[in-house]
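Scroll down for the structure; my scribbles are underneath it.
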């Protein structure tokens, strides 16, 4: 079974401030890592299990959001 890191809020230094643990991907779920950058500096992020995960980059003025999905090995969504 695929297991993923889970964190509801990763701070700018990569430390989980809320909801730290793991989850087991069920069915079509994958592990995901979402990172938010402002002015090219990491600000915060999230980790967990997600349905219909699509890896992408979202670019806004001064802000970049990346979503990375993986399912090849457990805990592949490490920051």
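Filter segment 1-28 down to the residues that are surrounded by 17 or more Cβ atoms within 10 Å (Cβ to Cβ), without any contact (Cβ under 8 Å) to a residue 60 or more places away in the chain and over 13 Å from the mean Cα position of the chain (by Cα) and list them by number.
Hit for segment 1-28 is 25, nothing else.
Between a first residue in segment 50-63 that is free of Cβ contacts under 8 Å to residues at least 12 places away in the same chain and a second residue that is assigned to a strand (DSSP E or B) and surrounded by 12 or more Cβ atoms within 10 Å (Cβ to Cβ), which pairs have beta carbons less than 6 Å apart while being 6 or more apart in sequence or on different chains?
56/67; 57/66; 58/65
Go through (1) assigned to a loop (DSSP other than H, G, I, E, B); (2) over 11 Å from the mean Cα position of the chain (by Cα) one by one and return the number of the condition residue 79 breaks.
Tallying (1) assigned to a loop (DSSP other than H, G, I, E, B); (2) over 11 Å from the mean Cα position of the chain (by Cα), residue 79 fails exactly one: (2).
One residue is enough: does segment 30-53 have a residue meeting the conditions out of contact with any helix residue (DSSP H, G or I) (no Cβ under 9 Å at 6 or more places or on another chain), part of a strand (DSSP E or B) and at positive phi?
Yes - at least one qualifying residue is present in segment 30-53.
Out of the residues in segment 54-74 meeting the condition of being within 13 Å of the chain's Cα centre (by Cα) and surrounded by 12 or more Cβ atoms within 10 Å (Cβ to Cβ), tell me which one is nearest to residue 39 (Cα to Cα).
65
A short reminder: the numbers here are calculations on the coordinates, not readings from a lab. The model shown is predicted, which means the values in this text are computed figures rather than measured ones. All Cβ positions, even for glycine, are placed from backbone atoms using ideal geometry, and neighbour counts span all protein chains on display.
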